[in-house]
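Every number in this text was worked out from the coordinates using simple rules, so none of it is lab data. Source: prediction; values computed, not measured. Note that each Cβ is placed from the backbone with ideal geometry, even for glycine, and that neighbours are counted across all protein chains shown.
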Amino acid sequence: MKKFIILYLLFTASVFAQFGSPKILPLEKEFDFGDIIEGETAIHEFVIFNDGGDTLKISKVKASCGCTAANPTKTELAPDDSTSIKVEFDTKRRKGAQRKFVYVFSNDPETPQLRLTFKANVIGGDDLGVIEKPNIKLSKYNHNFGNVKEGEILELRVDISNIGTSELEISRVKSSCGCTAALMSSKNLSPNEKSELKIEFDTKNLSGQIARTITLFSNDPKHPARVLTLIANIEEG
């Protein structure tokens with residue numbers, strides 16, 4: 001009986017320790033750019049979530065040769081919060097199948113080093129005519145509301161444009177801030193067409209410096225997950 005109790009306590013402690021730890025979770029571990037014309041710079045943003053019960057701290061981001069990875073938009077993530085890491089791959093003087101890696105170091109006890117992968121097939125400009133692709137663009141990628149009173153409903157409108165050469169399809173809008181985000185018009189945008197994203201952020205029961213994200217998922221091959229970061233300093237009402 002004593003042995004059973006000891007094992008039960010050890011198991012319970014292990015479960016609670018795991019629940020209370022930070023846990024790094026990528027939206028995707030691998031991304032394929034598909035065909036890219038030699039000379040283009042391929043850009044992608046990997047979205048990282050904290051799926052644990054404690055603050056996730058990202059200490060370093062390292063890319064394999066031939067590409068660069070910017071520091072994340074935020075290095076400390078509260079539970080359920082997210083950030084993005086922008087990766088650029090210069091295809092100049094490259095051809096054929098390419099495979100590169102990005103390493104994210106954090107305080108996740110189970111995955112202290114997360115490896116992200118992206119692939120591309122680099123082709124010469126003469127091998128393929130103009131590649132038709134959608135290209136999503138936001139009028140802003142971050143917004144600071146400044147000092148606001150707790151309980152206020154913060155509103156923001158962001159323009160979404162398709163600056164590509166084929167139809168853009170926005171499949172989903174995900175919020176990490178408990179706010180609502182709704183497209184005011186069609187989620188399918190023809191080239192050069194524009195839509196508007198209306199955001200309402202309820203600050204009830206929140207306090208201090210808050211940073212949250214809204215992610216738009218689309219069929220843009222370079223930017224399938226575009227992230228909008230919202231910042232506010234919430235004071236007592």
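May I ask for the net charge around Ala69, where only other residues with Cβ less than 11 Å from the Cβ of Ala69 are counted and Lys, Arg are +1 while Asp, Glu are -1?
+2
Please list the radius of gyration and Dmax for segment 136-235, considering alpha-carbon atoms only, with Å as the unit.
14.3, 45
Mind checking the full-extension length gain between Lys198 and Cys65? Use 0.36 nm per residue of separation minus the Cα-Cα distance, one decimal, nm.
Here the answer is 43.9 nm.
Against the 2.2 N^0.38 Å scaling, with N counting residues, where does segment 183-222 land? I'd like the Cα-based Rg ratio to two decimal places.
Taking the Cα Rg and dividing by 2.2 N^0.38 Å, one obtains 1.65.
Just how many pairs of Lys in segment 42-95 have C-alpha atoms closer than 19 Å, counting pairs that are eight or more places apart or on different chains?
7
Can you tell me the dipole magnitude for segment 23-123 around its Cα centre, using point charges on the Cβ only (Lys, Arg +1; Asp, Glu -1), in Debye to the nearest 20?
580
What number of lysine-lysine pairs in segment 136-235 show an alpha-carbon separation below 20 angstrom, given a sequence spacing of 8 or more or placement on distinct chains?
The result is 19.
List, largest first, the extents of the alpha carbons of segment 23-123 along their principal axes, each in whole Å.
Here the Cα extents, ordered largest to smallest, are 45, 21, 19 Å.
Can you figure out the FRET efficiency of Asp159 with Glu28, using R₀ = 22 Å and their beta-carbon distance, to the nearest 0.05?
Using R0 = 22 Å, I get an efficiency of 0.25.
Based on the mean of other Cβ atoms within 10 Å per residue, sort peptides 78-91, 50-63, 139-152 so the most packed one is first.
78-91, 50-63, 139-152
What length, rounded to one decimal in nm, is gained on full extension from Asn219 through to Arg93, with 0.36 nm per residue of separation minus their alpha-carbon distance?
42.6 nm
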